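Accompanying notes for the structure given below.
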Amino acid sequence: MAAKLMVLSIDAHDPVLLARFWGGVLGWEHTDDLGDGVGLIPNDDTGFRIRFLPSEAEKTRQNQMHFDLTSVSPEGQQETVARALALGGRHHDVGQGPDATHVVLADPEGNEFCVIAAGNNFLAECGFIGALASDGSQEAGYFWSRALGWPLVWDQDQETAIRSPYGGPKITWGGPPFTRKTDRNRLRFQLVTSEGDKEIDRLVTLGAARTDTAPGRSGEVELTDPDGNEFTLWPV
């Protein structure tokens with residue numbers, strides 16, 4: 001049985017502040033969390049929680065992964081932007097240009113996200129979080145499809161996307177050119193498994209690699225995907 005994506009963790013200087021921001025933007029409730037993190041639990045079919053973890057590391061580059069939030073109308077897009085700005089977000093320039101139909105914002109700690117215009121066919125079947133858009137290779141997309149047991153829903157021109165059979169957002173990889181990875185990713189997947197070392201061996205066979213990073217809790221193992229992006233595996 002494939003490991004399950006349980007949590008998207010986000011490093012934060014102020015986990016409470018970021019949880020308040022994203023809880024307000026998404027409409028998600030706070031939940032009790034393990035350790036010293038602050039968690040949000042979805043109110044839709046997203047399928048994973050968001051966990052904000054304390055970190056003193058500075059943000060030095062554009063994140064490898066960001067949210068694409070959907071809109072059902074032009075007014076809905078404006079409302080999402082206005083809500084994010086009122087909660088402490090800000091407009092952000094990543095080179096999108098004046099003709100872009102999506103709005104690029106950053107949360108209070110500079111984490112980028114997009115509010116997509118209404119009528120986007122690629123995200124039409126998805127909920128408010130339409131996608132976790134990732135800077136990454138086709139090989140990473142293939143790896144995560146096999147690792148999670150999620151089918152490929154896009155595979156063209158080195159761009160890939162997967163989606164859970166139960167719905168929720170797509171996870172996409174944009175293909176080359178890639179942003180050079182210079183430090184630890186601020187956004188990381190946390191998986192759970194009941195298979196222990198057997199699942200670790202399976203993931204390594206698929207292209208993962210174990211790291212030398214000490215686990216954050218008993219039994220936790222950190223690995224990297226084929227692009228070198230960190231993720232953790234928890235026993236259940």
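Return the only residue of Thr232, Thr160 being in contact with a helix residue (DSSP H, G or I) (Cβ under 7 Å, 6 or more places away or on another chain), of a type in the set (Ser, Thr, Tyr) and either surrounded by 15 or more Cβ atoms within 10 Å (Cβ to Cβ) or part of a strand (DSSP E or B) (or both). Spell out how you get there, then give the answer.
Details: Thr232 fails: in contact with a helix residue (DSSP H, G or I) (Cβ under 7 Å, 6 or more places away or on another chain).
On inspection, the qualifying residue turns out to be Thr160.
Residues that are of a type in the set (Gly, Ala, Ser), under 30 Å from Thr182 (Cβ atoms) and either open to solvent by less than 30 Å² (accessible area, probe 1.4 Å) or part of a strand (DSSP E or B) (or both) within the range 59-92 comprise Ala84, Gly89, listed in sequence order.
Before we move on, is Ala124 hydrophobic (A, V, I, L, M, F, W, C), free of Cβ contacts under 8 Å to residues at least 60 places away in the same chain and open to solvent by 60 Å² or more (accessible area, probe 1.4 Å)? Before you say what the answer is, go through the steps one by one.
Numbers: hydrophobic (A, V, I, L, M, F, W, C): yes; free of Cβ contacts under 8 Å to residues at least 60 places away in the same chain: yes; open to solvent by 60 Å² or more (accessible area, probe 1.4 Å): yes.
Judged against the criteria, Ala124 is a match.
Could you check the range 8-57 for strands (runs of 3 or more DSSP E) lying wholly inside it with 1 or more residues that are at pLDDT 95 or above and open to solvent by less than 30 Å² (accessible area, probe 1.4 Å)?
Working: elements: 29-31, 38-41, 49-54.
Result: 38-41, 49-54.
Under the condition of being open to solvent by 40 Å² or more (accessible area, probe 1.4 Å) and charged (D, E, K, R), the residues counted in the range 93-121 number 2.
The values are calculated or read from the model by the stated rules, or taken from the named source; none is laboratory data. Owing to the predicted nature of the structure, the values given are computational and were not obtained by experimental measurement. Methodologically, a virtual Cβ is constructed for each residue, glycine included, from the backbone with ideal geometry; neighbour enumeration extends over all protein chains shown. Note: accessible area is taken over every heavy atom of the protein model, side chains too, but ligands, DNA and RNA are not part of it. Shrake-Rupley method; radii C 1.70, N 1.55, O 1.52, S 1.80 Å.
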